[in-house]
Structure formats: C-alpha cells, structure tokens
Amino acid sequence: MAEKLIELKNISKQFPGVLANSNVNLTINKGEIHAIIGENGAGKTTLMNILYGLYEPTQGEIFIDGKKAVIKSPLDAIKQGIGMVHQHFMLLPSLSVAENVVLGSEPKKKKFFMDYDKAIEITKNLAQKYGFKVDPREKIEALSVGVQQRVEILKVLYRGADILILDEPTAVLTPQETDELFNVIRKLVSDMNKTVIIITHKLQEVLAISDRVSVMRQGKLIGTLPTQQADAKILTEMMVGKEVLFHDLHREKVSGEKVLEVKDIKAKDNRGLTVLNGVSFSLRAGEILGVAGVEGNGQSELVEVLTGLRNLEDGDYFINGKKITDVNPSNMRNLGISHVPEDRLTMGLSKEASLWENLLMGLQHKKPFVVKKIHLNKKKIFERTDNLIKEYDIRAIDRYMKVKKLSGGNMQKVVIAREFSFDSPILIIAQPTRGVDVGATEFIHNQIMRKRNEGAAILLVSAELDEIMRLSDRIITIYEGSITGEFKNKEVTKQTLGLYMTGKQNKLKGSEDN
Amino acid sequence: MREAMKKINLSYIISLALSIFVALIIGALIMLINGKSPFIGYSALFSGAFGSKYNLATTFAKTVPLVLTGLGTAISFRSGIFNIGGEGQLYLGAFAAAYIGITFTSLPFFIGIPLAIIFGALVGGLYAFLPGILKVKYKIDEVITTIMLNTVAVLFTSFLVNYPFATTQGKMNGTEIIAQSYHLRRLVKLSTLNTSIFFMSFIAIVIYYLMEKTSIGYDFKMVGQNRMFARYGGINDKKQMLIAMVISGALCGMAGVFEVLGVHYRFLQSISPGYAWDGMLASLMAKNNPVGVVLMAIFLGALKTGSVSMENATSIPSELVMVIQAIIVLFIAGEAGFKDKFVLLNIKRKSKKAGETNA
C-alpha cells in the first residue's frame with residue numbers, strides 16, 4: 001500500500017461566472033509520477049495553482065502527510081516542499097542560470113550583497129547532484145527551451161521541493177527534448193525520492209511516464225487509475241465524456257495546379273534579425289502542405305510574409321505564376337489568400353467586438369454587405385452571421401455577444417468560420433487547434449480536410465506533430481529559418497521529423513546507411 | 001427595437017447613472033457642511049438650466065461646442081488615436097473663421113458662412129494631421145504632442161489678436177467684428193443660442209451615421225479595438241487613424257467657428273473656457289458612443305448653465321459644479337474596478353446561498 005502524501009478534499013474554486021473546480025478529491029502518493037489530464041479548461045491548472053497557493057479554494061481542505069495544511073501563498077507551498085514549474089517559464093532572460101536559480105533566496109555576503117560565486121557553486125552542485133547539464137554562468141536568453149525548463153526545475157529543487165508540479169511541460173519541446181525531460185523526471189523519482197505531478201493533455205505522454213493518472217473534465221475529477229490499466233481510448237472517453245477517436249479523415253484524390261510558390265525568400269523578425277534565410281517551396285491546389293518545426297524557427301514569420309503582414313526582404317513570391325510585388329494584407333486577401341493566424345486573440349479577433357463584427361472583417365467593403373459605397377447592409381450581414389454560427393456550430397447566445405465571452409474553442413471557430421467562408425483558393429493556417437478541446441479539434445480538422453477536398457491549397461503550420469501528420473499530404477521541416485527536409489506524409493516517422501526539426505538530420509543519415 | 005436594446009450596454013448605463021447620483025449626493029453634503037440647503041441649491045441649479053425659455057436656450061447654446069468637441073474626441077478615441085488637442089484645434093478653427101469674416105467682408109451669407117465653416121474645419125483638421133502623421137510615421141505619442149500643441153495654438157492666436165489682428169476699437173484682446181453677413185441668427189432673446197445648433201445637429205447626425213452605420217465607422221472601431229486584427233483583415237490602420245484624427249480636428253475646429261460666428265462675432269484671446277476638455281469628458285462618460293456624447297453634452301451644458309443661476313440665487317459658488325464633475329470623472333475612472341467588486345460580491349452572496357441550501 002502506497003503512502004499517501006497529499007490529499008485534496010472537496011476542493012472547489014469559483015471564478016466570476018465559472019466554477020473551475022467542483023468538489024475535487026485527489027490523493028497523491030509518495031514517490032509516484034501522477035499525471036493529471038483533461039481538455040483545456042477542465043480545471044487542471046486551477047487545481048494545481050490551489051495546491052501551490054496561487055489561488056485560495058472557495059471550499060475544501062488540503063492534507064499533507066496526513067496533517068491539514070494551510071497554503072495561502074506560494075511561500076507556504078514552498079515551506080511544505082511543494083514547487084511548481086509553470087507552462088510559461090518565469091525566468092529573467094538577461095540574467096545567468098545561477099542568478100535565476102537562487103532568485104528569491106540568494107546567498108548573501110555581509111548580509112546585504114549577493115554572493116555570486118556562491119550562487120554559481122550552489123547551482124553547479126545542484127546540477128551535478130541531479131545530473132543536469134547546465135552551465136551556471138550562461139545567460140538564460142542563450143539557452144534552448146529545453147534547457148530553460150531544466151533551469152526552472154533546478155530553481156524549484158533549490159528551494160527544497162520534494163513535490164514537483166509540472167504544468168504542460170512538453171508543450172514547447174521537441175520529441176527529443178521531451179524524451180530527455182522524461183528521463184530527468186524518472187531519475188528524480190527513482191533516485192531522489194521526489195514526487196512529481198505532471199499536467200498535460202497529451203495522452204501518449206501520460207501513458208509513457210506516469211504511474212497513476214487522474215482525469216478531469218469540466219472542473220470535476222472523473223477518476224484516478226493506475227496507468228497500467230489505462231489506454232488512449234479509455235482516457236479519451238473519460239476526458240471528453242463521449243467516444244471521440246481520431247480516425248483517418250476522408251482524403252479525396254485531387255491533383256491541382258501550382259498556385260503559390262516562393263523562391264529563396266528572406267525576412268527579419270521584430271528585432272531586425274534574419275529569421276527566414278532563403279525559404280523555397282510551392283503549394284498546389286487540393287493539397288495540404290504541413291510545416292513542422294519547433295516554435296521560433298521562423299514559421300510564424302513565414303506565415304506573416306505570405307499574408308503580407310511582414311516585409312519580404314528578399315526573394316520571389318508567385319501566386320498563380322504571377323510575381324507579387326506589392327505584398328500587403330489587403331492585396332494578399334484580394335489575391336485569394338485567407339489566413340487563420342496562430343494567435344486568435346492578438347490577431348484573429350477583436351475581443352471587445354461582437355460576433356457579427358468579428359465575422360464581417362474582410363467583407364466590410366464588399367457587396368452585398370455594403371451598399372452605396374459605405375452603408376453597411378445589416379440585413380445581409382446578419383443573415384450571413386447567423387448562417388455561419390449555425391454552420392460552424394459556434395456556441396453563442398446571439399450575434400451581438402462579445403467574442404471575449406466565448407470559450408477558446410468557439411473563438412477559434414469564429415476565426416475558422418470567417419476565413420473559410422471566403423472560399424479562397426489559398427488557405428494559410430497556423431496552429432488551428434491551439435488551446436482548443438478535443439471536440440472542437442475534430443470539427444476543425446474536418447473543416448480543413450473538407451476545404452482540401454474541395455480543391456483549396458492549404459499551408460498548415462502547427463507545433464503539434466500529430467496534427468501535421470494527420471492532415472498533411474506533404475510535410476516540410478523548418479529549422480532556424482531554413483527548410484531542412486521535405487517528405488510525403490505516411491512515408492516518414494515522427495522521430496525522423498523530430499530530427500529534421502532540430503537540425504540533426506545528419507545523425508539520421510548515418511544510421512540510415514547501415 | 002429589441003435589436004436596439006441588445007446593443008445597449010445596460011450595466012454601464014446603470015453604473016454611469018449611479019456615478020452621477022453619488023456625485024450629486026456628495027455635492028449635497030458639501031452644501032450641507034457649508035450650511036446651505038442642498039434641496040434649494042439643486043432646485044436652483046435645475047431651474048437655472050431648464051426653468052425658463054432663456055435658461056433652456058442658454059443650456060443648449062453651451063451644448064453646441066461640447067457636442068462638437070465631444071464627437072471629435074469620440075471618433076479619435078474609438079479609432080485608437082487619442083486627440084487631446086481639441087482645445088488648440090478649436091482656437092485655430094475659431095481664428096480661421098474670424099479671419100474669413102474680417103477679410104472677405106463683401107461675400108453674401110450663403111457663401112461666406114459655409115466658407116468660414118469649411119476653412120475653420122480645414123485648419124482644425126490640418127492642426128490634428130500634424131500629430132497624427134507624427135504618430136503613424138514616427139510612433140511619436142500623440143497624447144503628448146496634442147497636449148503641447150494646445151499651448152502652441154492658444155499662445156499663437158493670442159499673439160495674432162494682440163498684434164497683427166488686434167481690433168482698433170479699444171483694447172479687448174480680440175479681432176475686429178466679423179462682417180454682418182457672417183453673423184448667425186440668434187434664436188431666443190438675450191440668450192446666445194443661435195442657428196449653429198442646427199448646423200451642430202446636422203453634423204452630429206452625419207457623425208453618428210459615419211460611426212455606427214458605415215464601413216468607415218467599422219474600420220475605425222476595429223483599428224481602435226485591435227490594431228493587429230484590423231491590419232490582418234486588410235484595413236490600412238495608419239490611414240484610418242490619420243483620417244479619424246483629421247475628422248476629429250475638423251470637428252473641434254468647427255466648435256471654434258461657431259463660437260465666432262454665433263456667439264462673439266469676433267475672435268477673442270480666451271474664446272473657450274475649456275470646451276474641448278468638457279467635450280472630452282462627455283465622450284469619456286459616454287464611452288465614445290455618439291448618441292451618448294450628445295446626451296452627456298446636454299447634461300454638462302445644463303450643469304454649467306445651472307451653476308451660474310445657483311450661485312446668483314443661493315450664494316452657493318458655481319465652482320461646486322466643478323467638484324461634482326471631478327467626482328464623476330473619478331467614478332468613471334474607477335468604473336471597471338467597481339464593477340468587478342460588485343460582481344464578486346454578487347457571486348459570493350450566491351455561492352453562500354448555494355452552500356446554505358446544500359447544508
């Protein structure tokens with residue numbers, strides 16, 4: 001019988017308008033890797049934020065080692081030996097690893113001044129003890145995401161945590177980095193007697209690493225079971241409450257003309273550094289071209305260049321064989337490009353505006369939605385709005401509802417509905433299902449495939465390899481602003497893509513020769 | 001009608017009404033502390049604003065510049081560019097109108113008056129174009145530049161009326177009187193209410209239509225709410241901001257024009273007691289909604305007019321109205337915060353109730 005370490009009893013958390021957790025009972029055993037899974041908005045992170053003292057529960061109690069614990073702030077949590085690594089790293093990029101690790105309880109000399117040498121020594125020892133490879137003197141901004149994450153973990157360990165909460169730790173990692181992280185976690189548990197709680201929504205990871213798994217849905221804990229007794233199907237059913245399986249999508253044979261082509265294009269990021277370093281590819285009607293890459297390797301900028309939102313510094317851009325000289329958003333839209341941007345809140349929508357206003361964007365100067373040059377034809381606009389709400393199953397009270405009041409999945413459906421309704425020959429789609437629940441994901445995937453089968457040329461950028469592999473006809477990998485490989489889907493494995501995405505394809509070539 | 005109701009932000013109207021109500025209560029307390037009866041004070045204020053034909057006319061005369069500058073503020077704020085330079089644009093617009101009125105003295109009214117209005121609007125618009133172009137081209141904060149340009153305009157016109165354009169008729173820091181044909185007709189005996197109220201009404205309707213019913217208004221709103229989204233949707237955000245800024249400046253310029261053509265018949269060194277600031281307040285109170293701006297302008301105009309009568313009738317200083325206005329501003333600034341507290345309180349109460357029934 002495993003030893004109970006943490007017991008959450010009847011935890012509820014009420015936010016304005018949302019019951020984020022409702023009577024959750026959860027037991028974490030000592031020395032286990034406990035996965036908490038659920039869709040976005042299921043209440044996983046809220047529950048862990050309560051345990052870490054960031055939120056106070058509306059009701060319920062926490063017991064640690066059988067004693068009732070009062071955790072009102074992260075400080076209390078740290079005292080109890082609980083540490084948390086957030087989804088978004090909380091590191092200071094311009095400081096060194098050592099400075100970040102000791103931040104908050106720095107070693108002092110003469111009671112007032114920070115002891116840098118000591119900090120470096122501490123970090124070095126700590127890294128050695130846990131078998132992490134990090135240079136304490138390196139600045140955070142110079143490190144890869146995977147290493148930054150290890151610094152976060154070190155930080156937590158430095159504070160003496162025995163219980164580590166990891167919130168979506170693999171969201172930003174490559175498959176290789178994920179494997180490395182999992183090795184680190186296993187080692188922490190087996191060699192150092194730590195307990196790890198890992199929040200995720202990726203089923204494969206749960207099955208790969210955890211000892212036990214708890215499933216949350218709509219703020220409730222649906223159940224906890226030993227991972228050995230679980231499989232993807234059982235967990236998915238528990239997560240969504242109904243059977244949603246990612247079956248193969250119907251793919252019609254479409255052979256189309258080349259509609260979009262770029263040759264050796266270059267672009268700079270907001271800081272003026274080159275992020276696209278001579279990218280060339282072409283896109284045909286009736287195909288989905290997936291762009292696989294770890295975030296930050298130029299794919300966001302690629303999308304912006306193609307849609308006219310970012311300056312094309314160099315190279316040629318052709319649509320239907322014609323060279324485009326004036327690349328700006330309005331021109332690209334007129335040339336038949338629709339764009340589902342990677343971040344719906346900063347670019348894809350206006351939160352404060354109503355549903356109809358958000359769905360109108362792009363058509364406000366087009367007949368029949370505007371008459372007599374400037375007069376908005378509300379009747380036609382509302383007709384279209386209501387049709388789209390129905391067709392794309394957007395769950396809203398009415399067309400006047402502000403978009404900020406919709407759930408993430410429904411917001412994304414608004415963007416998809418608008419962009420797909422233009423019937424553009426070219427669709428540029430970035431992270432279409434980021435932060436969207438399983439049901440909406442399935443719906444969006446189906447819509448994308450429908451567009452492909454109708455003959456649209458689709459460029460799909462996604463950080464989710466599963467998504468790329470499910471939808472694409474062809475896949476290109478991008479690494480540090482260059483295309484590193486091109487593959488026919490079904491002829492390539494995730495692992496191979498992973499290597500190309502990290503610029504390590506040469507390793508592979510060696511092994512393939514054998 | 002039901003459609004219209006859905007668009008109205010009811011919770012905001014309630015909180016605005018509450019803010020005004022509380023501000024009036026605090027005003028009443030101040031009167032009490034000073035040994036004055038708030039009942040007498042406020043009834044003097046009310047009758048001073050609406051009590052007679054003359055009072056009513058004075059209130060509406062005050063409303064004209066407030067509506068124009070208020071709409072000017074609203075259209076720029078809604079487009080995400082903040083024109084705080086209404087006062088300067090008003091001064092220059094007013095001077096431009098006076099210049100036309102003392103230069104082209106032989107023009108008939110049906111040419112002269114439109115010419116003065118257009119020229120004033122043009123000057124106001126151009127004066128707003130300057131900070132506008134600095135903003136969109138060089139990312140220079142328009143809040144700062146417009147505020148500074150206010151001072152430039154006020155001092156520049158003050159130089160003009162004291163030296164090159166000073167009236168020869170005694171020393172009064174003003175220009176000569178504009179030609180008779182430029183004078184807008186007075187509507188009510190003794191009051192300054194004049195036909196500019198019809199011009200203003202027409203302009204207000206045009207601006208309302210532009211902001212609420214057209215694709216241009218839609219573009220303005222989208223740029224103001226989320227510039228990235230607007231750009232992504234193919235709107236030329238910089239151009240829209242510039243256009244909004246120029247319209248805003250033109251409206252403020254016209255506010256000045258009507259002060260000259262309808263009220264003073266000449267440009268005066270201190271022609272505006274801060275109309276543009278009160279107009280901005282009207283716009284802030286109405287959250288840049290054009291209909292709301294008109295209503296709030298009337299409300300503020302009434303407060304201003306009534307305060308003078310109140311002082312005459314009860315010896316309560318008219319500055320009390322400034323205090324009330326300031327309190328309203330405070331409440332509006334805190335509106336979001338108050339609302340959150342209010343909602344939280346509600347939830348707490350509800351969940352408490354739910355807990356009781358569970359037990």
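Numbers for the structure displayed
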| read-out | value |
| --- | --- |
| Candidates B:50, B:21, B:119: whichever shows maximal mean-square fluctuation once chain B is modelled as a Gaussian network with Cα springs under 10 Å | B:21 |
| Helix-only [θ]222 nm of chain A, DSSP H runs n ≥ 4, -39500 (n - 2.57) each, per residue, nearest 500 | -10000 deg cm²/dmol |
| Rg in Å to one decimal, and Dmax rounded to a whole Å, for the protein assembly as shown via C-alpha atoms | 33.0, 106 |
| Ellipsoid equivalent to the range A:256-394 - semi-axes via the Cα gyration tensor, in Å | 31, 18, 16 |
| Listing of the range A:292-323 residues, each with accessible area lower by at least 30 Å² in the full protein assembly than in the chain alone (probe 1.4 Å) | A:309 |
| Enclosed volume per residue, in Å³, of the convex hull spanned by Cα atoms of the range A:96-199 | 97 Å³ |
| Protection proxy ranking of B:247-258, A:305-316 - average other beta-carbon atoms within 10 Å, highest first | B:247-258, A:305-316 |
| DSSP-defined beta bridges in the protein assembly as shown - what % are antiparallel, rounded to 5 | 60 percent |
| Along each principal axis, Cα extent of the range A:4-240, largest first, Å | 53, 38, 33 |
| Cut-off under 5 Å, modelled amide H: who pairs with residue A:339 long-range | A:428 |
| Under Karplus coefficients 6.51, -1.76 and 1.60, residue-wise ³J(HN,Hα) of the range A:67-80 in Hz, glycine/proline x | 9, 5, 10, 9, 10, 9, 7, x, 4, 4, 4, 4, 4, 7 |
| Shielding of B:213-221 by partner chains, average beta-carbon count, 10 Å | 6 |
| Karplus-derived HN-Hα couplings along the range B:76-92 (A = 6.51, B = -1.76, C = 1.60, θ = phi - 60°), whole Hz, x at Gly and Pro | 6, 4, 5, 8, x, 10, 9, 7, 9, x, x, 5, x, 5, 4, 4, 5 |
| Rounded to the nearest 10 Å², the accessible area of residue A:450 at probe 1.4 Å | 80 Å² |
| Relative frequency of Cα-Cα separations exceeding 39 Å in chain A, percent | 32 percent |
| Largest-first principal axis extents of the Cα set of the range B:105-171 (Å) | 45, 32, 13 |
| 5 angstrom amide H check on residue A:259, placed H, neighbours 5+ away | A:283, A:284, A:285 |
| Average partner coverage of B:230-241, which counts Cβ from other chains inside 10 Å | 5 |
| Label-zone membership for the range A:263-277, site residue A:346, 7 angstrom Cα→C-beta point, backbone N under 15 Å | A:269-272 |
| Largest-first ordering by accessible area, 1.4 Å probe, given options B:156, B:39 | B:39, B:156 |
| Efficiency of FRET between residue A:268 and residue B:195 - r from beta-carbon atoms, R0 60 angstrom, step 0.05 | 0.55 |
| In sequence order, calculated HN-Hα J values of the range A:481-489 (Karplus, 6.51, -1.76, 1.60; Hz; x Gly/Pro) | x, 10, 7, 9, x, 9, 9, 7, 4 |
| Surrounding net charge for residue B:170, when Lys and Arg each add one and Asp and Glu each subtract one, Cβ distance under 13 Å | +1 |
| Rounded to 5, the percent of DSSP beta bridges in the range A:4-240 classed as antiparallel | 60 percent |
| Choice from B:265, B:208, B:138 with maximal GNM fluctuation in chain B (Cα, 10 Å cutoff) | B:138 |
| Chain A: antiparallel DSSP beta bridges as a percent of all, rounded to 5 | 60 percent |
| Mean accessible surface per residue for the protein assembly as shown, computed with a 1.4 Å probe while every protein chain stays in place, in Å² | 46 Å² |
| Accessible area buried between chains A and B, both sides summed, probe 1.4 Å, in Å² to nearest 100 | 2600 Å² |
| Values of log10 I(q)/I(0), in the order q = 0.08, 0.12 Å⁻¹, for chain B under a Debye, Cα-only, solvent-free model | -0.44, -0.94 |
| Computed log₁₀ I(q)/I(0) - Debye formula, equal Cα scatterers, no solvent, the range A:381-442, q 0.22, 0.23 Å⁻¹ | -0.96, -1.03 |
| Square roots of 5 times each gyration tensor eigenvalue, C-alpha, the range B:94-245, largest first, Å | 35, 22, 12 |
| Accessible surface of the range B:60-298 [probe 1.4 Å, protein heavy atoms]: carbon and sulfur percent | 70 percent |
| Over chain B: helical MRE at 222 nm, DSSP H runs n ≥ 4 each giving -39500 (n - 2.57), nearest 500 | -25500 deg cm²/dmol |
| Of B:172, B:243, B:268, farthest towards positive along the dipole that unit charges on Lys, Arg, Asp, Glu beta carbons give the range B:60-298 | B:243 |
| Overall Cα dimensions of the range A:38-153, principal axis frame, Å, largest first | 45, 37, 24 |
| Heavy atoms of residue B:222: accessible area, 1.4 Å probe, square angstrom to 10 | 0 Å² |
| Cross-link pairs beyond the 22 Å C-alpha cut-off, checked among A:351/B:221; A:13/A:44; A:202/A:402; A:133/A:504 | A:202/A:402 |
| Top of B:26, B:197, B:177 by mean-square fluctuation, Gaussian network on chain B, Cα under 10 Å | B:26 |
| Computed Rg/Rh of the range B:1-153, alpha carbon atoms with Kirkwood Rh | 1.09 |
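The values are calculated or read from the model by the stated rules, or taken from the named source; none is laboratory data. Here the structure is a predicted model, which means the values were calculated and not measured. Backbone-built Cβ (ideal geometry, glycine too); neighbour counts: all protein chains shown. To get the accessible areas, we keep the full protein, side chains included, count just its heavy atoms, and leave off ligands, DNA and RNA. Shrake-Rupley method; radii C 1.70, N 1.55, O 1.52, S 1.80 Å.
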